[in-house]
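Asker: Please find one structure pasted underneath; my questions will follow.
The values are calculated or read from the model by the stated rules, or taken from the named source; none is laboratory data. If you're wondering where the values come from, they're calculated on a predicted model, not measured in any experiment. All Cβ positions, glycine included, derive from the backbone under ideal geometry; neighbour counts span all protein chains shown. Only protein heavy atoms, including side chains, enter the accessible area calculation; ligands, DNA and RNA are left aside. Shrake-Rupley method; radii C 1.70, N 1.55, O 1.52, S 1.80 Å.
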Amino acid sequence: MSQTEPLTAPTPEAPPELVLAHREGVPGLSARREHERRKAARENRVRSRHPKIGGLILALSEEPQSTKAWAVGSVGEEKLGRRLDSLAGPLVRVLHDRGIPGSRANIDHIVICPTGIFIIDAKRYKGRPERRTEGGLFSPRVEKLFVGKRDRTKLVDGVLKQTDLVRDALGDPDIPLKGVLCFVEADWPMFGGDFHIRRVYVSWPKRLAALLSRPGPLTESQIDELQIRVSAAFPAA
């Protein structure tokens, strides 16, 4: 280089543009894995105890209900997942099957949209979901969730716990969060039917999709930021 040639500073490269996926994770994946794990463990036990007729025993017997429930649950998550995926876009981010650090449990779906963050538990139960109030003059009034004739109030407790975990992870009480129980094959009435119980919204996929599609105060850039934070706190299971 000659002494008269001017020196020029290198042109800095622009940082790569962050592009977030509108959908993350696979719905029902961890439930499907658990079903396969339990199924394989049962087959191994039966064949090791009955080397000659283990295959016949397996062919003539049904899976235990505790094992079958994981397959049933995974189908419910997959059905709801497809409905949620149809909404995904710049203003609706869908995160499936999120792991809870330090736990074997998971969150079925998290949706981030203009109206806030929705923590969704998918259930594939038969019967009509309803809210019942028990107690009265001489005992505290307590709201309970029934599906058909069975008390399923523990499902509400589970969603509230998941919602609190997300709130604690984000560390911002001003972020709107809503826990949801979504029954994918329940006996819903033709009109109405959805309800709230102890801050948890109880509904079905089509009605939930309409709620998630509503306009709200959160902008696309705010939704981007929330997606990054939620994904980091609750990675794919």
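Asker: Each residue of the stretch 183-189 in order: what ³J(HN,Hα) in whole Hz does its phi give by Karplus 6.51 cos²θ - 1.76 cosθ + 1.60, θ = phi - 60°, with x for Gly and Pro?
Answerer: Listing the rounded values in order: 9, 7, 10, 7, 8, 8, x Hz.
Asker: If you project the alpha carbons of the stretch 150-237 onto their three principal axes, what span does each projection cover, largest first, in Å?
Answerer: Principal extents (largest minus smallest coordinate, Cα): 38, 29, 25 Å.
Asker: Given a 1.4 angstrom probe, I'd like the percentage of the accessible area of the chain that is carbon and sulfur, rounded to a whole number.
Answerer: Carbon-and-sulfur percentage of accessible area, whole number: 54.
Asker: To continue, here is another question. Counting residues in the stretch 68-118 as N, plug N into 2.2 N^0.38 Å and put the Cα Rg over that result.
Answerer: The reported ratio for this selection is 1.25.
Asker: Which distance in nm do the two modelled labels at residue 207 and residue 45 give, with both placed 7 Å along the Cα-to-Cβ direction?
Answerer: 4.0
Asker: While we're looking at this one, here's another question. What aspartates and glutamates sit close enough to residue 144 to cross-link, taking a C-alpha to C-alpha distance under 15 Å and skipping anything fewer than 8 places away on the same chain?
Answerer: In chain and number order, the partners are 130, 134, 157, 194.
Asker: Still on this structure, I have one more. Quick one: of the DSSP bridges fully inside the chain, what percent are antiparallel, nearest 5?
Answerer: Looking only at bridges with both residues in the chain, the antiparallel portion is about 65 percent.
Asker: Separate question: Given DSSP loops and a limit of at most 12 other Cβ atoms within 10 Å, what is the longest stretch of the chain that contains no such chymotrypsin sites (Phe, Trp or Tyr not before Pro)? Kindly include the intermediate steps, with their values, before the conclusion.
Answerer: On the way: sites that count: 138, 191.
By the stated rule (loop sites, at most 12 other Cβ atoms within 10 Å), 1-137.
Asker: Got a sec to turn the phi values of the stretch 222-237 into Karplus ³J(HN,Hα) couplings, 6.51 cos²θ - 1.76 cosθ + 1.60 with θ = phi - 60°, whole Hz, x for Gly and Pro?
Answerer: Each residue's phi maps through the Karplus curve to give 5, 5, 4, 4, 5, 4, 4, 5, 5, 4, 5, 6, 10, x, 4, 6 Hz.
Asker: Still on this structure: Whole-Hz ³J(HN,Hα) for each residue in the stretch 174-179, computed from phi via Karplus 6.51 cos²θ - 1.76 cosθ + 1.60 with θ = phi - 60°, x for glycine and proline: what do you get?
Answerer: 7, 6, x, 10, 9, x
Asker: Can I ask one more? Here are some values of volume of the Cα convex hull per residue in Å³: [x] 122; [y] 158; [z] 246. Which one was computed from this structure?
Answerer: This structure yields the entry labelled [z].
Asker: Using a 7 Å offset from the Cα along the Cα-to-Cβ direction at both residue 105 and residue 58, what is the distance between the two label points in nm, to one decimal?
Answerer: Modelled inter-label distance: 3.3 nm.
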